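Enquirer: If you scroll down you'll find the structure; I have some questions about it.
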Amino acid sequence: MGVQRRMERELGGFTSYLREVKHTSENTVASYERDLKKMLRYLKDEGVGELSQVTATSLNSYILYLERLGRKPSTISRNIASMKAFCQYLQRRGAARPELTDDLRAPRIEKKLPEILSREEVEKLLLAARGAAPKELRDCAMLELLYATGIRVSELIGLRLEDVNIRMEYIRCQDAHKERIIPFGRVAREAVQRYLEEGRDALVHDPGTQWLFTNCSGQPMSRQGFWKLIKGYGKKAGIAREITPHTLRHSFAAHLVDNGADLHAVQEMMGHSDISTTQVYARVNQVRIREVYGAAHPRG
């Protein structure tokens, strides 16, 4: 049986194994299948006619082919993960040699520094949301709370009344891994308290609803709705670059680290499972210091 037909049959068994035994998410299964089908077409075009002819060299040549096509390091890394998972499946079935993928190395992915706002830009953004109308009170409370806690937008719009302790100044967030208790300060407390006392009743149509923030129809706010909201206030504040909810989350962390906050404490508040994710904010600070030095020092 030719490599294409044999491997396609093995690929079908592999995807079934992922779904039924490993209970892999459908998105991951689809990604693996898409990557591996492209690899099989490449092998066929290169004249690899039997399963036994698939070698570490032929797999490495496919990686080099992807690099020549200009594929991103993240894309190549995902392809390598697909190839390794597939070959490990074949090894368990005795259809591939154990060392087949040993020499496959994922390219180093340079972590892009997050986009953050300066303190002055944050101040302008938060001032732009100030007002006395119910919607403005809600928007101000949402933005102040987002910058005060660094929570994700999904966590912000998912807050319920019981998740916010105004008196003790903390919110409770439940992500996929664990519950987090995150403090906030006086300004956020005052913004949320004023919204609850003067704005929320005008927006919430159902008095029994437990959502902290709703849209103007009294329904839970969507991610897209909040994204448009923050974009509008960024424009109103005269901030030229694009602002997303994640920009405020990054700014929260970077400003804490810049002021000497312990990285592990920031990790806990952000809900990062790995400290290396939090360490990027220290790099942001280092880059900023270097830029200041280069611009100001006479021999910079």
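The values are calculated or read from the model by the stated rules, or taken from the named source; none is laboratory data. It should be emphasised that the depicted structure is a prediction, and the values quoted were computed from it without experimental measurement. Using ideal geometry, Cβ is built from the backbone for each residue, glycine included, and neighbour counts are taken over all protein chains shown. Only protein heavy atoms, including side chains, enter the accessible area calculation; ligands, DNA and RNA are left aside. Shrake-Rupley method; radii C 1.70, N 1.55, O 1.52, S 1.80 Å.
Enquirer: Residues of segment 180-221 being in contact with a strand residue (DSSP E or B) (Cβ under 9 Å, 6 or more places away or on another chain), in contact (Cβ under 8 Å) with a residue 12 or more places away in the chain, open to solvent by 60 Å² or more (accessible area, probe 1.4 Å) and within 24 Å of Glu169 (Cβ to Cβ), which ones?
Expert: Pro183, Gln210, Trp211
Enquirer: Here's a follow-up. Take the conditions of a type in the set (A, V, I, L, M, F, W, C), at pLDDT 85 or above and either out of contact with any helix residue (DSSP H, G or I) (no Cβ under 6 Å at 6 or more places or on another chain) or more than 30 Å from Lys231 (Cα to Cα) (or both) and apply them to Val48. Does it pass? Walk me through how you get there before you give the answer.
Expert: Details: of a type in the set (A, V, I, L, M, F, W, C): yes; at pLDDT 85 or above: no; either out of contact with any helix residue (DSSP H, G or I) (no Cβ under 6 Å at 6 or more places or on another chain) or more than 30 Å from Lys231 (Cα to Cα) (or both): yes.
The answer is no for Val48.
Enquirer: Tell me, which residue of segment 222-246 that is part of a helix (DSSP H, G or I) and hydrophobic (A, V, I, L, M, F, W, C) is most open to solvent (accessible area, probe 1.4 Å)?
Expert: Within segment 222-246, the subset part of a helix (DSSP H, G or I) is 223-236, 245-246.
With hydrophobic (A, V, I, L, M, F, W, C) added as a condition, the list becomes 226-227, 229-230.
On the way: Phe226: 0, Trp227: 83, Leu229: 19, Ile230: 0 Å².
Across segment 222-246, the extreme among qualifying residues is Trp227.
Enquirer: Taking the options Arg97, Arg119, Arg92, Arg105, name whichever one is among the basic types (Lys, Arg) and touching a residue at least 40 places away in the same chain (Cβ under 8 Å).
Expert: Values: Arg97 fails: touching a residue at least 40 places away in the same chain (Cβ under 8 Å); Arg92 fails: touching a residue at least 40 places away in the same chain (Cβ under 8 Å); Arg105 fails: touching a residue at least 40 places away in the same chain (Cβ under 8 Å).
Going through Arg97, Arg119, Arg92, Arg105 in turn, just one is among the basic types (Lys, Arg) and touching a residue at least 40 places away in the same chain (Cβ under 8 Å): Arg119.
Enquirer: How about segment 89-107: which of its residues are open to solvent by 90 Å² or more (accessible area, probe 1.4 Å) and closer than 16 Å to Thr24 by Cβ?
Expert: Across segment 89-107, the qualifying residue is only Arg92.
Enquirer: Right, here's the next one. State which residue pairs qualify: first residue surrounded by fewer than 13 Cβ atoms within 10 Å (Cβ to Cβ) and inside segment 123-145, second residue among the β-branched types (Val, Ile, Thr) and modelled with pLDDT under 95 in any location, beta carbons under 7 Å apart, and separation of 6 or more residues or different chains.
Expert: From segment 123-145, no pairs qualify.
Enquirer: Could you list, in sequence order, all residues of segment 125-143 that are under 10 Å from Arg194 (Cβ atoms) and out of contact with any Gly (no Cβ under 6 Å at 6 or more places or on another chain)?
Expert: Of everything in segment 125-143, those that are under 10 Å from Arg194 (Cβ atoms) and out of contact with any Gly (no Cβ under 6 Å at 6 or more places or on another chain) turn out to be Ala132, Cys140, Ala141.
Enquirer: Okay, next question. Return the residue satisfying two criteria in turn: it lies in segment 112-122 and is open to solvent by 20 Å² or more (accessible area, probe 1.4 Å) and touching a Ser or Thr at 6+ places or on another chain (Cβ under 6 Å), and of such residues it is nearest to Glu144 (Cα to Cα).
Expert: Ile116
Enquirer: On to the next question. For Ser74, indicate whether it is loosely packed, with under 14 Cβ neighbours inside 10 Å, within 29 Å of the chain's Cα centre (by Cα), in a helix (DSSP H, G or I) and of a type outside the set (A, V, I, L, M).
Expert: Working: loosely packed, with under 14 Cβ neighbours inside 10 Å: yes; within 29 Å of the chain's Cα centre (by Cα): yes; in a helix (DSSP H, G or I): yes; of a type outside the set (A, V, I, L, M): yes.
Spelling it out, Ser74 is indeed loosely packed, with under 14 Cβ neighbours inside 10 Å, within 29 Å of the chain's Cα centre (by Cα), in a helix (DSSP H, G or I) and of a type outside the set (A, V, I, L, M).
Enquirer: Also, I was wondering about something else. Give me the residue from segment 13-29 that is under 16 Å from Gln88 (Cα atoms) and assigned to a loop (DSSP other than H, G, I, E, B) and, out of that set, modelled with the highest pLDDT.
Expert: Among them, the one singled out is Val21.
Enquirer: Suppose we keep only residues that are of a type in the set (S, T, N, Q) and either touching a Ser or Thr at 6+ places or on another chain (Cβ under 6 Å) or open to solvent by 60 Å² or more (accessible area, probe 1.4 Å) (or both) within segment 26-71. Which one would you say is nearest to Arg105 (Cα to Cα)? Before you say what the answer is, go through the steps one by one.
Expert: Restricting attention to segment 26-71, the residues satisfying the condition of being of a type in the set (S, T, N, Q) are 27-28, 31, 52-53, 55, 57-58, 60-61.
Now restrict to residues that are either touching a Ser or Thr at 6+ places or on another chain (Cβ under 6 Å) or open to solvent by 60 Å² or more (accessible area, probe 1.4 Å) (or both): 27, 52-53, 57.
Numbers: Asn27: 23, Ser52: 22, Gln53: 21, Thr57: 13 Å.
Residue satisfying both the conditions and the ranking: Thr57.
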